[in-house]
Every structure is written in structure tokens, then in C-alpha cells.
1. Would you confirm whether any residue within the range 373-385 is acidic (Asp, Glu) and part of a loop (DSSP other than H, G, I, E, B)?
2. Residue under question is GLN230, and the condition is that it be over 20 Å from GLU117 (Cβ atoms) and in contact with an Asp or Glu (Cβ under 9 Å, 6 or more places away or on another chain); does it hold?
3. Suppose we keep only residues that are surrounded by fewer than 14 Cβ atoms within 10 Å (Cβ to Cβ) and of a type in the set (D, E, K, R) within the range 220-241. Which one would you say is farthest from the chain's Cα centre (by Cα)?
4. Quick test of your reading of the structure: ASP324 fulfils all but one of (1) surrounded by fewer than 20 Cβ atoms within 10 Å (Cβ to Cβ); (2) acidic (Asp, Glu); (3) touching a residue at least 60 places away in the same chain (Cβ under 8 Å). Name the failing condition by number.
5. Mind listing whichever residues of the range 37-61 are touching a residue at least 60 places away in the same chain (Cβ under 8 Å) and within 30 Å of LEU212 (Cα to Cα)?
6. I'm trying to understand the selection: among the residues of the range 60-115, which are over 20 Å from TRP250 (Cβ atoms), of a type in the set (Gly, Ala, Ser) and surrounded by 18 or more Cβ atoms within 10 Å (Cβ to Cβ)?
7. Of ASP394, ASP308, ASP380, which residue is in contact (Cβ under 8 Å) with a residue 40 or more places away in the chain and within 28 Å of LYS196 (Cβ to Cβ)?
Amino acid sequence: MAMRKMLTKKPKPTKKTKRDVVIPPAPPYEKNWLKTGLIKEENQFGVVYKRVVEYDKTYCHGNKKIGDLQSTLEKWKRFDREHPLAPKSTNKLVFFDTETTGLKGAGTLIFLLGFMEQVENGFRMTQYVLPGPDHEAAFLYASKLWKEEMTLITYNGKSFDIPQVETRWTMNREKLPKLLTHHQIDLLHGARRVWKTELDTFKLTSIEEKQLHFYREGDIPGHLAPIIYQDAVKSGQAETLMKVLQHNEWDILSLVTLYIRATNLILETTNPETAITHTNIGKWFSDLKHYDDSAHFFKNVIEKYGSDHALSHYHYGFILKRNDAYDKAVQSFNIAAKQLDGRERIIAFEELAKLQEHKLKNLEMALEVTRKAMRFIEKDLDLTKRFRTRAERDFLKREMRLLRKIFPGEAQKTTKSD
């Protein structure tokens with residue numbers, strides 16, 4: 001009881017309140033920046049500068065009119081299946097790109113946010129420029145990424161741009177409204193699926209030249225953008241900074257035309273394209289379990305190139321097997337096994353052995369295919385150790401099983417017995 005008198009009640013924790021927002025003054029170089037054509041925008045968190053550019057529907061970027069986006073969206077409306085490049089019909093569609101002071105780290109700032117969207121008579125691009133770190137909350141707030149859910153089309157946005165926005169938003173979470181979760185379409189992932197093994201690099205500038213026929217003249221190298229921005233803040237002169245905005249503008253215009261180009265390839269199967277491109281698209285549809293779409297692309301390649309493009313036969317074999325067309329599947333896997341090498345060749349042999357043993361009940365042929373595969377496994381130095389070990393084990397088991405079926409009750413000697 002004496003001890004209880006010494007105890008004191010802990011005070012109840014007080015509710016945390018948001019700190020009063022102190023609006024920083026406009027930077028001293030404001031007049032110089034406004035002379036370059038930038039527009040001042042103020043909100044409750046400070047100042048941000050922006051550039052707005054209007055485009056007519058007939059505007060061409062490379063060999064594509066940006067106005068063709070409307071027919072692109074109509075094609076996606078008629079496509080009633082899921083696809084990573086399909087827009088969300090309930091969301092506003094926005095093409096989005098950023099410029100940052102670095103590639104990673106909490107100290108990396110976004111200094112340029114670029115948006116392009118369709119408007120009644122064409123397109124409007126809005127670029128927001130950060131005046132300085134004190135105005136970051138105003139800069140992020142101006143983006144309206146807190147206001148309504150959008151479909152954001154980016155190039156490597158899932159791995160870079162959006163995570164950077166989320167990081168900077170977190171750093172300003174005490175001031176800003178909550179950042180919404182936006183539907184994302186990343187055209188870098190799409191480009192890799194469509195042009196795998198056909199393009200040496202997937203840098204946006206390379207894609208522009210080879211697929212959009214757009215060639216940049218007078219562009220600044222991307223790695224100089226942070227240096228130019230920091231100099232514009234330090235010196236107060238923004239003339240060279242406008243080149244960074246032009247670099248960002250070209251990036252965003254390329255997103256529009258690349259989206260049109262990729263959609264045409266994926267949804268318009270009659271377009272003349274290379275066997276590699278059509279095979280890649282067919283494989284993508286197969287991975288999405290859209291098997292009818294997938295088969296259509298593979299058949300187009302096979303009709304045009306016959307047995308000259310074995311990879312189409314390889315992927316088509318799985319579709320035929322799934323559709324119980326076993327004899328045709330054997331034909332496709334035979335072409336693949338003869339012409340391909342590495343992992344695909346061994347898997348083609350494996351599929352042939354399965355079909356001959358379990359579906360066509362030709363045990364002698366299954367044994368022949370199995371032994372042929374085992375010889376290739378032994379000779380092919382490009383196979384990974386893990387794949388080789390798994391394949392050797394599986395084919396050896398298959399060989400033993402087939403020998404027991406063909407010669408029941410007899411002691412069998414396998415290929416590896418000696």
C-alpha cells in the first residue's frame with residue numbers, strides 16, 4: 001500500500017496533429033524562368049512552374065499520327081480478354097514520364113513530371129518543373145496523382161518512375177493527400193515481349209528509330225539532365241533546362257506512338273511482320289492462356305514460312321497437344337527437334353516421347369526418341385548444369401519404363417548401364 005502511493009499515473013498520449021504548413025517564398029530566379037515560357041502555378045504548399053503544349057490530332061511523331069490513338073482504344077474495347085497492354089475503361093488514360101536527379105536513394109528528387117492526355121480537339125501535354133526542394137510538396141500536389149485514379153502508360157515506369165513518385169510522396173506524407181494506386185501499363189515490358197531476340201537493345205531511343213522511324217536531332221543525353229537542372233537552380237538561368245523539357249516531351253510522344261504500334265501488332269494479325277515478332281506475340285497470348293489467339297499467330301507464321309521458322313512449330317506443338325491433335329503435334333515437335341538447339345530441342349524431344357508413349361502408344365518410337373535426346377544432352381555444352389541433371393534423370397527413368405513395357409519380365413540394360 002505504501003508503494004502504491006509512490007506510483008503516478010502515466011499521462012495519456014496526446015493526439016498528433018499535422019504541422020502547420022509553412023509556404024516557402026518563390027525562388028529569386030522566378031523572372032528568368034518565366035521568360036523561357038514556363039507558367040507559374042501556386043497552391044497551398046508553394047509554387048510550381050509548368051509548360052503546356054497542345055497538339056492537333058494530325059501531329060506526326062515519326063511515322064505515326066498521334067490521333068490514331070483513338071482507333072487504338074477502340075480496338076482494345078472490342079478485345080474482350082485481359083491483356084497487360086489493355087487500358088482500364090473506367091480510368092482516364094495518361095502517358096507519363098519523369099526526370100530525376102539520380103537513379104536511386106532517398107536523396108534522389110524528381111524535378112520534372114510530364115503528362116499527356118487526349119482532349120476534345122487533340123492532345124495536351126503538361127510538364128511540371130520543381131523550383132527547388134522547398135517546393136516539393138507543391139510540385140507533387142500539382143500532379144493531381146492524389147485526385148483521381150488513372151491508367152498511366154510509361155516506359156519502365158513500374159520499376160522506376162512510379163516507385164520514385166511513391167518514395168517522394170512518402171517523404172511529404174504529412175502535408176499531402178494520400179497517393180492513389182493507379183493502373184499501370186509499362187511499354188518496356190511490352191516491347192521486350194514483342195521484339196525479343198529481334199532487337200539488340202530496348203532503350204527508348206533505339207525503339208524510336210527501329211519501330212517508330214523517329215530520329216532525335218539536337219537531343220541532350222539523358223545522363224546530363226540532372227546536371228542541367230541543378231545548374232538552372234543554381235544560376236537561375238533556364239534556357240538550357242528547356243532542352244531537358246524537350247527531351248521529356250519526345251519521350252512522352254514516343255509513348256503515344258509506341259502504344260499505337262504495339263497494339264496494331266498484337267490485335268491486327270493481318271499486318272505483315274517478321275516471323276520472330278509474330279511468334280513472340282503468339283507466345284505472349286499462350287502465356288496469358290488465350291490459346292485461340294496464340295494459335296492464330298503461329299498458323300500465320302507456319303503458312304508463310306513453312307518449316308523454316310522452327311520456333312513457331314515448337315510453340316504451336318503445345319497448342320496442338322492441348323487440342324488433342326496429337327499427330328499434328330508430333331509433326332511440329334519433330335521440326336523443332338531437328339532444327340532447334342539447347343533447351344528447346346531437348347524439351348521438343350521430351351514432348352515427342354510423351355506423345356508416342358502415352359497418346360499414340362508407339363513404344364518403340366518413344367524409346368528411339370528418348371535415346372536420341374539422351375545423346376544430345378550428353379553433347380550439348382550450352383545446357384545449364386541444373387537443366388542437364390534434371391533432363392538426364394527424367395529420360396533415364398523414361399528409358400527404363402519403356403524397356404519394361406516393351407520387354408516385360410526381362411532384365412534390361414539402359415543406355416547408362418555401362
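1. Looking for residues that are acidic (Asp, Glu) and part of a loop (DSSP other than H, G, I, E, B), one finds at least one in the range 373-385, hence yes.
2. Answer is no for this residue.
3. So the residue we want is LYS234.
4. Only one criterion in (1) surrounded by fewer than 20 Cβ atoms within 10 Å (Cβ to Cβ); (2) acidic (Asp, Glu); (3) touching a residue at least 60 places away in the same chain (Cβ under 8 Å) is unmet by ASP324, namely (3).
5. GLY37, LEU38, LYS50, ARG51, VAL52, VAL53, GLU54, TYR55, ASP56, LYS57, TYR59, HIS61
6. Result: ALA86, single match.
7. Only one candidate passes the filter, namely ASP394.
Condition check ((1) surrounded by 15 or more Cβ atoms within 10 Å (Cβ to Cβ); (2) over 21 Å from the mean Cα position of the chain (by Cα); (3) hydroxyl-bearing (Ser, Thr, Tyr)) across all residues:
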| site | (1), (2), (3) |
| --- | --- |
| LYS147 | no, yes, no |
| TYR155 | yes, no, yes |
| ASN172 | yes, yes, no |
| LEU176 | yes, yes, no |
| ALA191 | yes, no, no |
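The numbers here are math on the coordinates, done by the rules we state, and not lab data. The structure displayed is predicted, hence computed values, not measured ones. Here the Cβ is made from the backbone with ideal geometry for all residues, glycine too, and neighbour counts use every protein chain on show.
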